[in-house]
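Only one structure is covered here, and it is reproduced in the block below.
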There are 2 protein chains.
Amino acid sequence: MKKENKTQYVLLGLLNIHPQSGYDLKNNIQKTVGYFWSESYGQIYPTLAQLEKVGLVSKTVQKSGRQRQIYSITAKGRKILKQWLQTPITLPKIRNELLLKVFFASSIPTEVSIKHIAAYMEQTQQLHGILKQIEKIILQHPQYNPKKPYNLLTVQFGILATGAEMTWCKQALKKLQSI
Amino acid sequence: MKKENKTQYVLLGLLNIHPQSGYDLKNNIQKTVGYFWSESYGQIYPTLAQLEKVGLVSKTVQKSGRQRQIYSITAKGRKILKQWLQTPITLPKIRNELLLKVFFASSIPTEVSIKHIAAYMEQTQQLHGILKQIEKIILQHPQYNPKKPYNLLTVQFGILATGAEMTWCKQALKKLQSI
DNA sequence: ACGTACATGTAAATGGTTACATGATTGA
DNA sequence: TCAATCATGTAACCATTTACATGTACGT
């Protein structure tokens, strides 16, 4: 397993919270880090198999009911996870299709750009609302521990980021509508 | 050439401004849309060949001096570009390694997260500064046309986005340092 | 009995980076 | 003449999505 492949670390990170199946992992990635990370089954299942082969996770087949493949992180897996958590971060590589279309928009009608930006704003607004709700839930949760604000911090990142994007959309729409 | 592949549209978009070589395209992508889009030679050269094969661009070999392969957009290419510019946008797929490391940070020392966020802030701050300078240059440019503010708009998106990230970094650092 | 969600995977295709190979031109 | 940068490309590899295949369990 190559060091750079990040899929494995999301899986290890979630398995470090509690053992679960590939199916659970897919859902939990969406629920917990879905705003800034995603994985498909085509990545998850092969990566789990690979992680098991090198001993970073172990598999047990659920006895009762359905034959679910439950994965647990091993001591070795925890070590590798912690190591990765401490390696320097790199800036995310973004590829924003809206901005590309806006940048090259000189040869098409202004209304098209307006429509694109409006659509972007709507979708961003929706995400912003969801993140605000999540923030509220975290803060109201009786077990919220201010010494471990990591989940809250990532949600707040999303709130600020989407907020800025909405601000830009409003500005951009105003400017384009005045043309 | 598949419709969904976006590399071709950046190339068409830039060739629509003026004819240039693959090497130029690489540099110009960086200079113009580099903040939110990038391409490697491994994508550019094969895509140019493909675009020529289907008649969206044409190639002429520079006569004088170096034998540069200069590509121009064709009428058909312009048509395809315009069509794409009008198709609905999709939200960018982000994968933020910093947030992943912060999210899973409960099992490692707080100082590690602080270091990560500080590094992120520094890099973001630098980009923010560059974008502010570009904005100033655009606005001061005598040929700036307020009826075609597309370049300015993308730069301003970057300024607002990086600004929000810097705000978050400061908040997050303050919170973590108080633990 | 039927639909929905649970559940696990694989194969093919696509997307994208990196390393390599090669050589020309320019300026100090 | 040497280094830098201009310039074009390919091959190998890595990353990722999508479509497909297959079947189970649960609630109504």
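Just need a number here: residues in the range B:49-108 that are part of a loop (DSSP other than H, G, I, E, B) and away from every other protein chain (no Cβ under 14 Å).
Initial filter on the range B:49-108 (part of a loop (DSSP other than H, G, I, E, B)): B:54-56, B:62-68, B:74, B:87-96, B:104, B:108.
Of the ones still in play, those that are also away from every other protein chain (no Cβ under 14 Å) are B:54-56, B:62-68, B:74.
Selection size over the range B:49-108: 11.
Taken together, the criteria place residue A:32 among residues that are among the β-branched types (Val, Ile, Thr), within 30 Å of residue A:128 (Cβ to Cβ), away from DNA strand C (no atom under 12 Å from the Cβ) and within 10 Å of chain B (Cβ to nearest Cβ).
Run down B:67, B:86, B:8, B:62 and say which single residue is more than 12 Å from DNA strand C (Cβ to nearest atom) and over 30 Å from residue A:11 (Cβ atoms). Before you say what the answer is, go through the steps one by one.
Values: B:67 fails: more than 12 Å from DNA strand C (Cβ to nearest atom); B:8 fails: more than 12 Å from DNA strand C (Cβ to nearest atom); B:62 fails: more than 12 Å from DNA strand C (Cβ to nearest atom).
After ruling out the rest, the residue left standing is B:86.
Listed conditions (1) within 13 Å of DNA strand C (Cβ to nearest atom); (2) among the hydroxyl-bearing types (Ser, Thr, Tyr); (3) surrounded by 15 or more Cβ atoms within 10 Å (Cβ to Cβ) are all met by residue B:23, apart from (3).
Would you say residue B:161 is surrounded by 16 or more Cβ atoms within 10 Å (Cβ to Cβ), assigned by TED's automatic domain parsing to the domain that holds residue B:111 and closer than 19 Å to residue B:103 by Cβ? Steps first, please.
On the way: surrounded by 16 or more Cβ atoms within 10 Å (Cβ to Cβ): yes; assigned by TED's automatic domain parsing to the domain that holds residue B:111: yes; closer than 19 Å to residue B:103 by Cβ: no.
It is false that residue B:161 is surrounded by 16 or more Cβ atoms within 10 Å (Cβ to Cβ), assigned by TED's automatic domain parsing to the domain that holds residue B:111 and closer than 19 Å to residue B:103 by Cβ.
Residue-level check: of (1) within 12 Å of chain A (Cβ to nearest Cβ); (2) among the hydroxyl-bearing types (Ser, Thr, Tyr); (3) not in a loop (DSSP other than H, G, I, E, B), residue B:45 misses just (1).
Kindly indicate whether residue B:29 is among the aliphatic types (A, V, I, L, M), surrounded by 15 or more Cβ atoms within 10 Å (Cβ to Cβ) and under 30 Å from residue B:126 (Cα atoms). Yes: the conditions hold for residue B:29.
The values are calculated or read from the model by the stated rules, or taken from the named source; none is laboratory data. Being a predicted model, the structure only gives us computed values, none of them experimental. Here Cβ is always computed from backbone atoms with ideal geometry, including for glycine, and neighbour counts include all displayed protein chains.
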